[in-house]
Structure formats: C-alpha cells, structure tokens
Amino acid sequence: MTEHLKMDKVQPRMLDETGQGAIHKPMTRPEGPLKVSGTATYAAEWSLPNMAEGVMVRAAITKGTCEIDESSVKDMPGFVGIYTDRMVRNSAQGTMGTNPVQPEGEVHYLGQPIAVAVAETLEQARDIAQSLAVKYTPADGAKTVMDDSTEFEDDDDPVDMGDLDKAMSEAAFSIDSLYTTKPHNSSAMEPHAAVADWEGDRVILRGSLQMLGFNKNELADSLGIDVSNVRILSPYIGGGFGSKLGISPECVAAAVASKKLGRPVRVVLHRNNVFEMITLRTETRQRMRLACDADGKLTAIGHENWQTNLPGESMAEPVDVATHFLYGGENRRYGQHIARLNRSASGAVRAPGEAVGQLGLENAMDELAEAAGIDPIEFRVRNIPEKSPESGLPYSSNALAQCLQEGAEMFGWSGRKGPKERLEGEWYLGMGVASAARSNILMESRANVTLNPDGTALVQTDMTDIGTGTYSILGQIAAEMLGIDPSKVTVELGDTDLPEASGSGGSWGAASAGSSVFLGAKGIRTKLAERLGCSPEELRLQDGVATGANNRRPLAELMDGPITEEGHIEPGSTSNDFEQAGFGAHFAEVAVNKVTGEVRVRRMLAAMAAGRILNAQTARSQVWGGQIWGIGTALTEEIQHDRRTGHIVNNDLAEYHIPVNLDVPDLDVHFVDERDDQSNPMQIKGIGELGLSGAGAAITNAIYNACGVRVYDYPATPDKIFPHLD
Amino acid sequence: MKVTLNVNGEGRELDIDPRTTLLDALRNHLDLTGSKKGCDHGQCGACTVLVNDRRINACLALAVMHEDDEITTIEGLGQPGALSPLQRAFVQHDGYQCGYCTPGQIVSAKGMMSEFDLGWPSNVSDDLTAIPDFSRTEIRERMSGNLCRCSAYPGICAAIEDAAPEEGLKNTKAAE
C-alpha cells in the first residue's frame, strides 16, 4: 500500500509527539565504520571479471571539428578500442532528465571529451589516450572572454517594480557598486567514475551521481535506449556539490564501449578532466544599487548580473534569487545577461545563486549601513519585511532577526570597533556579518519502509547520500516513527531498482526523501493501530512496544509477518502560497596583515534557522562545510581561464585553492529552534546550502571592518588589499 | 615485471606494468581500495599510506620502488568491529562526511603522530629543536596535505586530539 501526501495543508507535528528520542540529538553515521576502514565501495572500486579500462581523450582546440585516427594507436600494447559514439559534450544540468549536447565530432571548448581509449590495463589506456592522433580543423569565431565588448543574451522578463532610478536619486543614502566573482569548481574529492556492464539490452552502471531518478533518463536518452533498460547503482558518493547532479561523460563513454565490447568497462575521470568536462560555476559581474531613507529603511534594490555559459546550455546561475525576498524596498530592478563562450560549461555548484549572489547583496548592505551610519545588524533587522516584498506571499517562517540578534550576542558583536582600530602586532582585526537565505524546496519522492516482527526495519529508496547524512537521517526518521532504536534500521540507497526519490541537490533531499520515509512509517503505524484496536492518533510506539486504548503489546505479538508500506510525498499548494526559505546569519572575525594584506580568518559563527533539526551532528557538519566553503569563496577560490583559448589554467587541486586544514579556525554553529509547518510533514528545511549563503560576505565585511579596504573583486587575495593599506 | 609488496603484514606477489603506481597496485591489483585516488598528482592526500611507518602519497610512488618495504594501508589499521582508536574517533566526532578523503586523513594522522614522537618541527613550530606542542595549530598545519572538500576539518582535529592518547602519542608537551 502507499501512504500518499500532497503538501496542500499544514500537517500535525507528529515528530514532537512520538517520543522515541531517535531524532533531534546528535547521532553518529551508521555507515561510519565502513568509511573509516576504507570498505565503503565508491564507483571506481567495483572490479568486474574481464573488465577493460577506459581513459577519456580531450579536445586540444577551442572550436572546430576533429577526426580521430585510430590507426595511430591500434598496435599499441593492450589496445582494445577507441570509441566516439554518442559522446556527450559535458555533464548534464541538474534535473534535466534528457541527454546533454552530443556534438558528433564538433569541438565547442578546449578540454571537451572527444573519445574514450579502452585497453586491458589503466596504464595502457592512459598511454593510448595520450598517443592518439587527432586531426583538428579549427573554426573561426571562438569567444573566450567576457568583457565590455561581449554580446549578451538578455533575460526576457526582468523584474522592474516602481522607479529605481528616481528612488536612487532621491534617497538619503545610496550605493551603486560593481562586484565580480570568478568561476568556482566543486572539487568533490572523488573524481567522477563509471563502471558499465550490460545484461542483454540492459545497462548496469555503477556511477558517482547525485540524482538517480533524473540520471537514468539522462543516460537512456544519451544512449538512445528505453529507461527501463537502465539500472544505476550509486550507494557511496565521494562528494557532489552540484558536480554530480547530471549524467557525466564517463558514464556515457563507459556504457557505449561496454556495449560494443560485450565486456565491462571502467572509466574514471582524471582530476584535469573533472575541471574541464564537468560543469562549473560561472563567473559573475553584479551591479548592486541600494538606497535607503534617513531612518535606514530601504527604498530601492537593484541587482543586475552578467554571467557566461556554453551555447545550448539551459542553466543560468540565479544570482538574484534571495534578493527577491530577503529585504523590503518598493523600487526594485533585476536583470540577467548571459555571454555564450567557448569554455567549459557552467552549471550548479553548491548553492547556485546564493553562493555568489549573497556576496554582492550582503557587501552592498554593509556599504549602505556604513553610509547611513547604522550598525550592520540593526540595519538588516530594520529591513526585514512583513511579507515577501515582490510576491506579497507570507513567509512560511522567517527567523532572520532572531539569527542576527542571537548570533550577535553569542559572537560578542558589541566588541566590534571601526576600521584600523584593533591592531595586534602587525595584524588589523575586524568583525563582519552577513545574512543567509536559501529557498526551501520540496520534491516528489518515494520510499519503501518495512517493519519486521523482531523490531528491525528496512528503508529502501533510490535516494543518494553524498556525505550529507542521508543514511543517518532516514534511519532516524523511520526509528522515531516506528518506536525502535535507530540501530535496528537498515537503510538501502542508491539503486534505481528501488522507489524513486528526489535525489540529492538543492538542499531538498532531507525534506523530500525524509518525508517519503515518514509517510511510509506512518502507513505502518495505521496498520499497527488497527491491530491494537486504537486510532492512529492514540498509538504510542516506543522501544518495540505498542500502546493505545488501554492496550500494550510488543510488536512481535501484533505482527505475523513483515509490514511494508510505500511513502509518497508530492509538493502541493503550500509551496506556492508561501515564501519558503531557510534564514541565518554568518559572523566572522578576521586578521588582515598590515604589511602583506594577507587575511586569516580567526573565528566564525553561523546562526541558522532551518526548521526542525533531525540530527544535530550531521546538520552541524553541513554548516561547517558551508562556513569553510565561505572561506574558500572569500579568500582563495578562482578558476583562471587562458584568455586566448579558454583553457582552464589551474585545472587541478594544487592550483585551484580550496581551504586546507590550517585555513580553518574554530567554528561555532547555533541552531535557532524552529518548526516550519508549511514546508513538509516533518517541519524541516534544507541546511546544506544555507550554511554557504552569505558566509563569504561575512568575511569580506570583516576585512573592511579590520582595515578599511572594501574588496569588490572576489577572491580577496592580498594583491587586492595591500596596495590600499596606505 | 615482478614485485613483492609487503602490505599490512602480508607478502603479495605481483606481475605488473612498471608504470603502475603504488596506489594503482593497491586499488586495481590487490583489491585494497581503501586508499583513494583524488588527484593522482600528490595534491590531495587521499591516497596516503605508511611505508616503513612514514606517510607518503601512494600516487607519487611506483609500486616496483617498494619491494621489501612494509606498507600499511587503512585496511591494516582496523576493520569494522575492530576499529583503531583513530577510526573510532573519526566516527564519534563526525570527522568526515562523504568519506572519500577519510582513509587518507586517518593514515596521515597516524603517520603524523610518529613525526611528533620523533620530535619533528613543522612550519608553525616556534622552536625547531624543542619538543613539539600537540596543539590545534600544529595539527592543522601537519594535516594540511589532506584536503577535505566536505570540510570536516573541525571534526578531523577533534578526532585526532581525542584518539592521540590511545594511539600511544608520546613525545609531545600534551602527552607529558
């Protein structure tokens, strides 16, 4: 049977009544012992009998056509084959569900996959891939730089409310600033990998993918086969951060080669391939216009952005997504302009939109607060609207003020001074704040929940755990609802033969897949209540014992066999009738070296309001991740393209600088207690991307507070600071 | 070419392409996939193993260079049901998320403790000849060769501090 819920109205707060104690508190991950002993199996680690090894071949020109000369390598030791059929240009955009562009011999950017070299061993395949002769015919008109001469595609339907120009000219205080951010790479530690094998007409693909329900359709479409002939297995994924949302080139290449060869083929992307063939976050230019009256009330918000992508890619970074609902002000204008360049495709990287949009907005808010002579926290609190300022919708919940104020108290904000007023040795110290916001989303999702008479349970869904804690929280939800210890629940994930879930992305995984597990368990509770002779509302389940209607029975006595229920959640009208978002506040204290301009982050605090927190430990780890990504965004991360060819010059982890252990100070996380009744039947909201939204802006605002230098061009490397330090 | 690798106390005979890295020998030929490949360039530390008790990046070594060496991988430190103190502490402190860099972090932490025991200074040590201080800053510096994009660094440091006494860390100020 299926327990179905379309989220059209507020649901009872069941998880506040159940009382097993399996949720809210910190809990270690059930898969932890496998991960710390190296026995969790990631995609590349499947070794099948008679498996051949494939290595991708990348285009060495920016634009044109290519012809592969297979004869140049076919006598090399271990040669098995060169395959170009159905090669995809780049990874699919998240939730696309269809094939990525398949350019068939055309080259659209330098580093594009053009073939896979297959051999008996990895060493042979690598040698063959590097030795393969390719005849290129370059084409004119390659575009590799976004600058003032670039042509842009403009957003068809920009928002334009009131009169921004008039409000700016009449305002007591205003700022008009241009912020720029460089492209970012997800840099998940596990490179993308695929092992493909065919059973007749059906391909079994072991991959590293975030959204199997979409990915199976993307793979089927790329291969020209029916989706019923695709099975994807992805039980362990070594990080995603958006880079594994869509089917990627190595999956299609491995499947094509395996089909032709009639044997399993493994293709693992080299780290350089990951940088080039997988979508990255676009660079952005953001024009921020803000104005306020003499009392510090916003009268105007303008957030216009310029970005880049390959021709034919549908995704655009929603830079202004949070600006639409975060602050008031009656005159508002937005616009989006996309340059089509011959460079690696842009796509989702953790918190698409807010990750960079909140840098522009929250720095501009800091500038305007300074201009108006108002404390940055007070300035933000004054401008939190009663309802969403453009749609007029009520917020499902909005604890931004509480996050800012409780965070300020915990962080010691009252000790903040002005620029260059705190000097420690040769270091200026300063504090900064920024608001966090991330739209909350519910997606359709299904799971099977089985309760056994011995008090054990099984959760099955094609949901993924990319490190976010899915194994933990799905087990906890089932345990809480069924009144058993979480250690009694087995969670099976990452197999498209299981019920289709939302996938991991957009911070919707816990809410969506979690709600389906909640519903499946709720269906089981209804059956148990019937057998006990009470109403589902009266039923109490705790430690394997059912109580209700003056009756008390162990599960084993109520059940003559396993009970399985499918849970099925769908978004409903609460998604449309309310502005749903997580809110928060980031605080940072930094030290800026007065000689070199080097910045060291001293400490950070994130005060987060994300509804009910299911597992305080895994949620905190997600926020730590966001804060540390904020450090990278603010200080070190930037993809550099060769202006002549569009080549990613720093296409590895030595030259693309993600934060290392010594870059990270002590971090505090504070969860503001909250229930969001409109979000889903568990009253939770996403946390994984909220932790990044605004984190980098708190750091650059702290840099300004420390030394008086406002950095407009991210990242804030020393060369952008020390020339301005007098 | 033929080579015998002593891995986790066991002699393993291989006949492999001389271009095979130690990491690929472990992962592709000995079915020891706990050592991870994150970059294949010595940049991320996910492949860290101990060779004669010293931590190295297995992706930067050829397998045939290590005949007769004692190689310890994550599998040799402990397995589910019999985890080492460091492994248990990583679980307890959530010193990971996706788990991909984790074996490298743990093996690296084990190797780092030997370096403390030998009195090695680091880039953040105030005195190059003094007994090193087992401080958060020293741990952070010495663990900075192991990248974690999930950014579990706070949990990683807490786990290392927690497990150090049980792992037998000796020659530090903290252990005194």
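The values are calculated or read from the model by the stated rules, or taken from the named source; none is laboratory data. Please read all numbers here as calculations on a predicted model, not as lab measurements. Please note: Cβ atoms are built from the backbone with ideal geometry, for glycine as well, and neighbour counts cover all protein chains shown.
Per-structure values
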{"item": "Candidates A:Ala125, A:Ala117 - the one that is in contact with a helix residue (DSSP H, G or I) (Cβ under 7 Å, 6 or more places away or on another chain) and either crowded, with 23+ Cβ neighbours inside 10 Å or free of Cβ contacts under 8 Å to residues at least 12 places away in the same chain (or both)", "result": "A:Ala117"}
{"item": "Test set (1) in contact with a strand residue (DSSP E or B) (Cβ under 7 Å, 6 or more places away or on another chain); (2) more than 17 Å from A:Gly514 (Cβ to Cβ); (3) assigned to a helix (DSSP H, G or I) - A:Tyr428 fails condition number", "result": "(3)"}
{"item": "Condition check for A:Glu276: more than 20 Å from A:Val356 (Cβ to Cβ) and modelled with pLDDT of 95 or more", "result": "yes"}
{"item": "Residues being free of Cβ contacts under 8 Å to residues at least 12 places away in the same chain and of a type in the set (Asp, Glu) - total across segment B:18-55", "result": "1"}
{"item": "Check on B:Ile156, closer than 30 Å to A:Pro235 by Cβ and not in a loop (DSSP other than H, G, I, E, B)", "result": "yes"}
{"item": "Segment A:330-372: number of residues that are among the hydroxyl-bearing types (Ser, Thr, Tyr) and part of a strand (DSSP E or B)", "result": "2"}
{"item": "Any chance A:Ser174 is small (Gly, Ala, Ser), within 14 Å of chain B (Cβ to nearest Cβ) and touching a strand residue (DSSP E or B) at 6+ places or on another chain (Cβ under 7 Å)", "result": "no"}
{"item": "Meets criteria (in contact (Cβ under 8 Å) with a residue 12 or more places away in the chain, of a type in the set (Lys, Arg) and either closer than 27 Å to A:Glu17 by Cβ or not in a loop (DSSP other than H, G, I, E, B) (or both)) for A:Arg643", "result": "no"}
{"item": "Subset tally (residues that are more than 7 Å from chain A (Cβ to nearest Cβ) and either not in a helix (DSSP H, G or I) or not small (Gly, Ala, Ser) (or both)) for segment B:88-103", "result": "3"}
{"item": "Among the candidates B:Asp126, B:Asp94, residue that is acidic (Asp, Glu) and surrounded by 24 or more Cβ atoms within 10 Å (Cβ to Cβ)", "result": "B:Asp94"}
{"item": "Criterion: charged (D, E, K, R) and free of Cβ contacts under 8 Å to residues at least 12 places away in the same chain - qualifying residue of A:Asp726, A:Asp677, A:Asp719, A:Asp666", "result": "A:Asp726"}
{"item": "Any hit, segment A:23-37, residues being in contact (Cβ under 8 Å) with a residue 60 or more places away in the chain, farther than 28 Å from A:Asn651 by Cβ, more than 10 Å from every other protein chain (Cβ to nearest Cβ) and assigned to a strand (DSSP E or B)", "result": "yes"}
{"item": "Residues being within 12 Å of chain B (Cβ to nearest Cβ) and crowded, with 19+ Cβ neighbours inside 10 Å - total across segment A:634-651", "result": "2"}
{"item": "Residue check for A:Asp197: under 20 Å from A:Asn50 (Cβ atoms) and at pLDDT 95 or above", "result": "yes"}
{"item": "Restricting segment B:1-30 to residues that are assigned to a loop (DSSP other than H, G, I, E, B) and farther than 23 Å from B:His41 by Cα, the residue that is farthest from the other protein chains (Cβ to nearest Cβ)", "result": "B:Gly9"}
{"item": "Top-ranked residue in segment B:51-87 [being in a loop (DSSP other than H, G, I, E, B) and more than 11 Å from chain A (Cβ to nearest Cβ); ranked as nearest to B:Pro165 (Cα to Cα)]", "result": "B:Asp53"}
{"item": "Hey, B:Gln79 farther than 22 Å from A:Ala654 by Cα, among the polar types (S, T, N, Q) and within 16 Å of the chain's Cα centre (by Cα) or not", "result": "yes"}
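Residues checked against (1) part of a helix (DSSP H, G or I); (2) modelled with pLDDT of 95 or more; (3) within 34 Å of the chain's Cα centre (by Cα); (4) acidic (Asp, Glu):
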position: A:Ala125; (1), (2), (3), (4): yes, yes, yes, no
position: A:Thr137; (1), (2), (3), (4): no, yes, no, no
position: A:Thr144; (1), (2), (3), (4): no, yes, yes, no
position: A:Pro158; (1), (2), (3), (4): no, no, yes, no
position: A:Ser169; (1), (2), (3), (4): yes, yes, no, no
position: A:Ser177; (1), (2), (3), (4): no, yes, yes, no
